[in-house]
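Student: The structure that follows is given in the form of structure tokens.
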Amino acid sequence: MKLDKGNVAFGRHESFALRYGWLTKGYKAAANDPSIFKSYDATTILGVGKNMVNAIRYWLIASQLLDEKTGKPTKLGNFLLDSNKGMDPFLEDEATIWLIHWLLVSNPSRATSIYWFFNNFHKADFSSLEAQTALKDYVKDNIDTNVSIST
């Protein structure tokens, strides 16, 4: 997938990295109730804080397992994670993890910094400051929308 300079996403994960178990937990909740992530009691149902609810939703969308508009699991989400018919409902197969990784790194509109890191940043040895500076330069030169430096 090619980067659309006007359709990018930074910081939507509420500063939470993708955590093991979030995709299955969020998938099951969304399969049961597509409006779960907008629900008042989402924190209670998912057992996490409000920012984590938003992060789980973001990671499901970025992984292409949840449809952003409808809140329903995608065909791929159902294929992988459905409790009865899913190929890997507990994310135990390494191939599923690699597939999700590929879906993230090839999704510049929803996981822009991950896309950039795996497709454009080609240093084998680097510090976090070097990566941050390179990403800032990339955003400045290639992104049409304003992105906060802190994001």
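The values are calculated or read from the model by the stated rules, or taken from the named source; none is laboratory data. Since the structure is predicted, the reported quantities are computational estimates derived from the model, not experimental observations. A quick note on method: Cβ atoms are made from the backbone with ideal geometry, for glycine too, and the neighbour counts reach across all protein chains shown. Keep in mind that these areas ignore ligands, DNA and RNA; they rest on the heavy atoms of the full protein, side chains included. Shrake-Rupley method; radii C 1.70, N 1.55, O 1.52, S 1.80 Å.
Student: What helices (runs of 4 or more DSSP H) lie completely within region 69-140 and have 1 or more residues being on the phi > 0 side of the Ramachandran plot and out of contact with any Pro (no Cβ under 8 Å at 6 or more places or on another chain)? Don't jump to the end; show me each part of the working.
Tutor: Details: elements: 75-81, 94-105, 112-119.
The helices (runs of 4 or more DSSP H) meeting that bar number zero.
Student: Quick one: would you say residue 60 is outside any loop (DSSP other than H, G, I, E, B) and in contact (Cβ under 8 Å) with a residue 60 or more places away in the chain?
Tutor: Considered against the rule, which asks whether it is outside any loop (DSSP other than H, G, I, E, B) and in contact (Cβ under 8 Å) with a residue 60 or more places away in the chain, residue 60 comes out as no.
Student: Suppose we filter 115, 58, 40 for residues that are out of contact with any Phe, Trp or Tyr (no Cβ under 8 Å at 6 or more places or on another chain), exposed (fewer than 13 other Cβ atoms within 10 Å of the Cβ) and at pLDDT below 95; which single one remains?
Tutor: Working: 115 fails: exposed (fewer than 13 other Cβ atoms within 10 Å of the Cβ); 58 fails: exposed (fewer than 13 other Cβ atoms within 10 Å of the Cβ).
None of the others qualify; the one that does is 40.
Student: Shifting gears a bit: Hey, among 67, 137, 93, which residue is open to solvent by 50 Å² or more (accessible area, probe 1.4 Å) and farther than 25 Å from residue 32 by Cα? Lay out the reasoning, then the answer.
Tutor: Working: 67 fails: farther than 25 Å from residue 32 by Cα; 93 fails: farther than 25 Å from residue 32 by Cα.
Step by step, each of 67, 137, 93 is checked, and only 137 is open to solvent by 50 Å² or more (accessible area, probe 1.4 Å) and farther than 25 Å from residue 32 by Cα.
Student: In region 43-55, what residues are open to solvent by less than 70 Å² (accessible area, probe 1.4 Å) and not in a loop (DSSP other than H, G, I, E, B)?
Tutor: Keep residues of region 43-55 that are open to solvent by less than 70 Å² (accessible area, probe 1.4 Å), which gives 43, 46-49, 52-55.
43, 46, 52, 53, 54, 55, listed by residue number.
Student: Is there a residue being basic (Lys, Arg), more than 18 Å from residue 23 (Cβ to Cβ) and without any contact (Cβ under 8 Å) to a residue 12 or more places away in the chain anywhere in region 68-85? Show your work before the answer.
Tutor: In the first step, residues of region 68-85 are kept if they are basic (Lys, Arg); the result is 69, 72, 75, 85.
Adding the requirement that they be more than 18 Å from residue 23 (Cβ to Cβ) leaves 69.
Among the residues that remain, those that are also without any contact (Cβ under 8 Å) to a residue 12 or more places away in the chain are: 69.
Yes, because at least one residue in region 68-85 is basic (Lys, Arg), more than 18 Å from residue 23 (Cβ to Cβ) and without any contact (Cβ under 8 Å) to a residue 12 or more places away in the chain.
Student: Among all residue pairs at least 6 apart or on different chains, which show Cβ distances below 7 Å where the first residue, located in region 21-40, is free of Cβ contacts under 8 Å to residues at least 60 places away in the same chain and the second is among the basic types (Lys, Arg) and buried (at least 18 other Cβ atoms within 10 Å of the Cβ)?
Tutor: Listed pairs, sorted by first residue: 26/57; 37/57.
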